[in-house]
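Just below is one structure, and these are the notes that go with it.
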Amino acid sequence: MHSQTISLKAPYSFERLVRRLETHPDPQMRVDAEQKTLRRAFRVGNHAVLTTIRFTGDQEQPILSWETHAALRENEAAILEKNIRHMFSADVDLSPIYAQMSQDPRLVPLTERFRGLRFLLDDDLFQSMVRTIIGQQINLAFAATLMERLLELAGEKVEDADGNCFLAFPTAERVAAMDVEQLRPLQFSQRKAEYIIDFARVIANGQLELDGFWRLSDEEILAQLTKLRGIGKWTVECLMMFGMGRPDLLPVADIGLKNGIQLVYGLGERPDEHEMRKIGESWAPYRSYVCLYIWEMIGAIKRKEPWVHA
């Protein structure tokens, strides 16, 4: 068995993470809110590794630990820990973000209401792009359904000691070998199926190296990916935000963000892209996190959490 404790810088709210998963479901994740555990199959090289993530302590003294019974070499265990740290934004310091947001009195209620909320990132950039393509122009619940169907069709299965099945996301090679006709009965549109398989083939054929993106600027990543069919600016911004954890993105085409800004700033109508950019100027260099907190406000309203907008 491998296990490790990961240090977290306060605040970190497991409760906010769980509440966000209610409106942003992840079919790979099994959550036990009472025990403060998450179980998920991570892909480490050629292995599907079932891992338990456990949160202890509290919001102001948070501790995260992980364990797996999978047989891993030392370097593989290190990769798994790196992926977990990334996925749970363990190395993010919220202090400067909150200091920045405190300069705008309309944002202060968000930092108070959702204190300790961080991004739950995708641990793999191929998965992140496929998830984002799936989510284009459909609601979150249906996107999660399509993700689950893709996992059941092509994901790698791993079972725990009690026979519970978990699914690791399929590799680019596995998706690249598929045909559009395999996805259409699962309610994937023709175009969405084509875009996913086309992207997988670009990766599997070595035409694009996703690991190299970590060394590129936002603009360079945008330029490379928008050359591909079915991938526009919003899709790339989501990849950089939810896959890479880039801190200063403002996806002005996002309808949910438009609605949230309208509510937070008391606007008479949805802001256009020019107005969103103007409002977002003061959020830099943490625009991604301000977006997260505005999205979470919308999520809290959908979940009917108590919320009074001043």
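ARG229 satisfies every condition listed in (1) out of contact with any Phe, Trp or Tyr (no Cβ under 8 Å at 6 or more places or on another chain); (2) among the charged types (D, E, K, R); (3) surrounded by fewer than 17 Cβ atoms within 10 Å (Cβ to Cβ) except (1). Residues that are over 22 Å from the mean Cα position of the chain (by Cα) and of a type outside the set (A, V, I, L, M, F, W, C) within region 144-164 comprise GLU159, ASP160, ASP162, GLY163, ASN164, listed in sequence order.
Hey, any hits in region 167-175 for a residue that's in a strand (DSSP E or B), crowded, with 18+ Cβ neighbours inside 10 Å and within 21 Å of the chain's Cα centre (by Cα)?
yes
When region 186-225 is limited to residues that are among the hydroxyl-bearing types (Ser, Thr, Tyr) and part of a loop (DSSP other than H, G, I, E, B), the one that is nearest to LEU125 (Cα to Cα) turns out to be SER217. For ALA200, the test of being crowded, with 19+ Cβ neighbours inside 10 Å, touching a residue at least 60 places away in the same chain (Cβ under 8 Å), closer than 21 Å to ALA48 by Cβ and out of contact with any Pro (no Cβ under 9 Å at 6 or more places or on another chain) is failed. Screening GLN136 with (1) in the same structural domain as HIS24 (by TED's automatic domain parsing); (2) over 13 Å from the mean Cα position of the chain (by Cα) gives one miss only, at (1).
The values are calculated or read from the model by the stated rules, or taken from the named source; none is laboratory data. The shown structure was predicted, so the numbers you read here are calculated from the model rather than taken from an experiment. For neighbour counting, all protein chains shown are included, and Cβ atoms are generated from backbone atoms with ideal geometry for every residue, glycine included.
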